[in-house]
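Take a look at the following structure, please.
The values are calculated or read from the model by the stated rules, or taken from the named source; none is laboratory data. Predicted, not measured: the structure shown is a model, and the values here were computed from it. Note: ideal-geometry Cβ built from the backbone for every residue, glycine included; neighbour counts use all protein chains shown. SASA here: full protein model, heavy atoms, side chains in, ligands and nucleic acids out. Shrake-Rupley method; radii C 1.70, N 1.55, O 1.52, S 1.80 Å.
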Amino acid sequence: MQVFCNLANQYKELMDFTAVYIAEGHPLEFKGINQATSCSERMQAAADMKANCNMEFPILVDMMDNSVSLKYAAFPERLYVVLDGIVVYTGGSGPLSYDLSGLREWIKSFVAKCN
């Protein structure tokens, strides 16, 4: 997550970044975070992750029915770029196909087209 945060900080003047906290795919990966059993627990886990990773962008929290995760096939982790309400980049499903370098290249290409 820290690498994603660094990428977001690098390009924060050019685009907005947001994370969506979904069901915990890696319980206990972050100190003290277990699988949430309530919305308030999930919100607390998201707040803890935001603090631990020094996120400078908003983090949204999926509902306990996991509707966002299911709609975007995001579990356990996935990267998307949404431009004007349209998904224009879909990264591979994590953990094996989670690829920040692909996102970085997409951003570089997009920024070059805009300049």
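Please verify whether Val111 is in contact with a Leu (Cβ under 8 Å, 6 or more places away or on another chain) and open to solvent by less than 60 Å² (accessible area, probe 1.4 Å), treating the condition exactly as stated.
Yes: the conditions hold for Val111.
Return the pairs, sorted by first residue and then second, in which the second residue is assigned to a helix (DSSP H, G or I), the first residue lies in the stretch 100-115 and is farther than 20 Å from Gln2 by Cβ, the beta carbons are less than 8 Å apart, and the residues are 6+ apart or on different chains.
Qualifying pairs under 8 Å: Val111/Tyr11.
Could you list all residues from the stretch 28-49 that are at pLDDT 90 or above and open to solvent by less than 90 Å² (accessible area, probe 1.4 Å)?
Hits for the stretch 28-49 are Ser38, Cys39, Ser40, Glu41, Arg42, Ala46, Ala47.
Looking at (1) open to solvent by less than 70 Å² (accessible area, probe 1.4 Å); (2) closer than 22 Å to Arg104 by Cβ; (3) more than 11 Å from the chain's Cα centre (by Cα), can you tell me which one Asn6 breaks?
Asn6 satisfies all of (1) open to solvent by less than 70 Å² (accessible area, probe 1.4 Å); (2) closer than 22 Å to Arg104 by Cβ; (3) more than 11 Å from the chain's Cα centre (by Cα) except (1).
Limited to the stretch 84-103, what total is found for residues that are outside any loop (DSSP other than H, G, I, E, B) and open to solvent by less than 70 Å² (accessible area, probe 1.4 Å)?
Of the residues in the stretch 84-103, 7 are outside any loop (DSSP other than H, G, I, E, B) and open to solvent by less than 70 Å² (accessible area, probe 1.4 Å).
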